[in-house]
1. For region 95-114, check the following and say yes or no: at least one residue is under 21 Å from the mean Cα position of the chain (by Cα), under 23 Å from F217 (Cβ atoms) and of a type in the set (G, A, S).
2. Just one of (1) under 30 Å from P275 (Cβ atoms); (2) in contact (Cβ under 8 Å) with a residue 12 or more places away in the chain; (3) surrounded by 14 or more Cβ atoms within 10 Å (Cβ to Cβ) trips up K120, so point out which.
3. Kindly provide the set of residues from region 241-258 that are in a helix (DSSP H, G or I), touching a strand residue (DSSP E or B) at 6+ places or on another chain (Cβ under 6 Å) and buried (at least 24 other Cβ atoms within 10 Å of the Cβ), ordered by number.
4. What pairs come out if I take residues in region 189-208 that are closer than 7 Å to V133 by Cβ and free of Cβ contacts under 8 Å to residues at least 40 places away in the same chain and pair them with residues that are in a loop (DSSP other than H, G, I, E, B) and among the polar types (S, T, N, Q) whose C-beta lies under 7 Å away, six or more apart or interchain?
5. Say whether the condition of being at pLDDT below 95 and on the phi < 0 side of the Ramachandran plot is met by at least one residue in region 91-101.
6. Does I72 fit the bill of being in contact (Cβ under 8 Å) with a residue 40 or more places away in the chain, in a loop (DSSP other than H, G, I, E, B), under 30 Å from R175 (Cα atoms) and not charged (D, E, K, R)?
7. Would you call E113 farther than 24 Å from V232 by Cα and either more than 15 Å from the ligand (Cβ to nearest atom) or modelled with pLDDT of 95 or more (or both)?
8. Here are some residues: K176, K180. Which one is surrounded by fewer than 15 Cβ atoms within 10 Å (Cβ to Cβ) and without any contact (Cβ under 8 Å) to a residue 60 or more places away in the chain?
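The values are calculated or read from the model by the stated rules, or taken from the named source; none is laboratory data. This one's a predicted model, so the numbers in the text were calculated from it and none came from an experiment. Glycine gets a Cβ as well: all are built from the backbone with ideal geometry, and neighbour counts include every protein chain shown.
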Amino acid sequence: MLKITGSTKVICIFGDPVAHSLSPVMHNAAFEALSVDMAYVPFHVPAQPPGDLKRAVSAIRALSIHGLNITIPHKEKVMSYLDEVDSHALAVGAVNTVVSRSGSLIGYNTDGEGYLQGLKQDAGFTPRGKKVVIIGAGGAARSILYSVLLKKPKEVVLVNRTAARSASLAREFERKLAFKIQTAPLDGDALRRSAQGAHLVVNTTSIGLSGRGELDFPMELLADGAVVSDIVYSPLETAFLKKARARGFKTHDGLSMLVHQGAIGFKLWTGRRPPVAVMRAAALDALAAKK
Ligand code: ATR
């Protein structure tokens, strides 16, 4: 049992909603496993009225809270209330992790790097020299796309239902990183061309979440030995991953990104090496308990 004393440092998460978050369970298990004197608590910071987020960040300073995670819908807006935002988070345009250092609040984005660390450790895949297909053009796609581009892939295709959104994201990152990004819609011949010979396809949309439909992707066109990846973790094996596994592809589940983005945050807050297996087991237990 986590022991809270007068010297325990507090880490928290801001979100709306926040009750579903697995981060408290995951981090408290990690603190306990390494006897780190920290405790992680959720705070529901509503999207409306807009002034609430600003006041919540002021409270972090007033209460000397040591660090925090930021989740939907505050990841972009929080940047203007921090003292510093690191260059990676600035380029991505979102912060998911904050550390208080000598009273200064510094923002980071660990989502993309967490995704890639998980992909490497859990599926043995690195994007360098590979063809990568990213489905979606929202916040999660931004983080993953940016980190993938930094690894010098051979080809990247951004697939999205709304063409204007993927085109705008592709143009923005092309300017920042001087890398040609292809785009394709979520159906038809262009989608088939994007799938052809790809080494990694990742779903960054909410399609596949319990009750939210199923992705229709021409998996048969992927390269032999391709990795099929999903950031949805409820269910842990989405219909997309199930289909991939049945076809003999390597699969990579959504809990991997959650755990590894958290692991980088853990390192930033504690300076300790994160107990990744403990974090994943705690998150899995919490997921099973929700059923
Ligand atoms: P997040 O920040 O979690 O990534 P988001 O910014 O709302 O969330 O982005 C959601 C992504 O999922 C978008 O790419 C969205 O496609 P559109 O740009 O066309 O809206 C995609 N998405 C969500 N539900 C979808 C559905 N039922 N079919 C196709 N795409 C969907």
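1. Yes; the residues of region 95-114 include at least one that is under 21 Å from the mean Cα position of the chain (by Cα), under 23 Å from F217 (Cβ atoms) and of a type in the set (G, A, S).
2. Every condition holds for K120 apart from (2).
3. Going residue by residue through region 241-258, those that are in a helix (DSSP H, G or I) are 241-246, 254-258.
Applying the additional criterion that residues be touching a strand residue (DSSP E or B) at 6+ places or on another chain (Cβ under 6 Å) yields 241, 244-245, 254.
A244, G254, listed by residue number.
4. Within 7 Å, no pair qualifies.
5. no
6. Working: in contact (Cβ under 8 Å) with a residue 40 or more places away in the chain: yes; in a loop (DSSP other than H, G, I, E, B): yes; under 30 Å from R175 (Cα atoms): yes; not charged (D, E, K, R): yes.
When the stated conditions are applied, I72 passes them.
7. On the way: farther than 24 Å from V232 by Cα: no; either more than 15 Å from the ligand (Cβ to nearest atom) or modelled with pLDDT of 95 or more (or both): yes.
Spelling it out, it is not the case that E113 is farther than 24 Å from V232 by Cα and either more than 15 Å from the ligand (Cβ to nearest atom) or modelled with pLDDT of 95 or more (or both).
8. Numbers: K176 fails: without any contact (Cβ under 8 Å) to a residue 60 or more places away in the chain.
The unique qualifying residue is K180.
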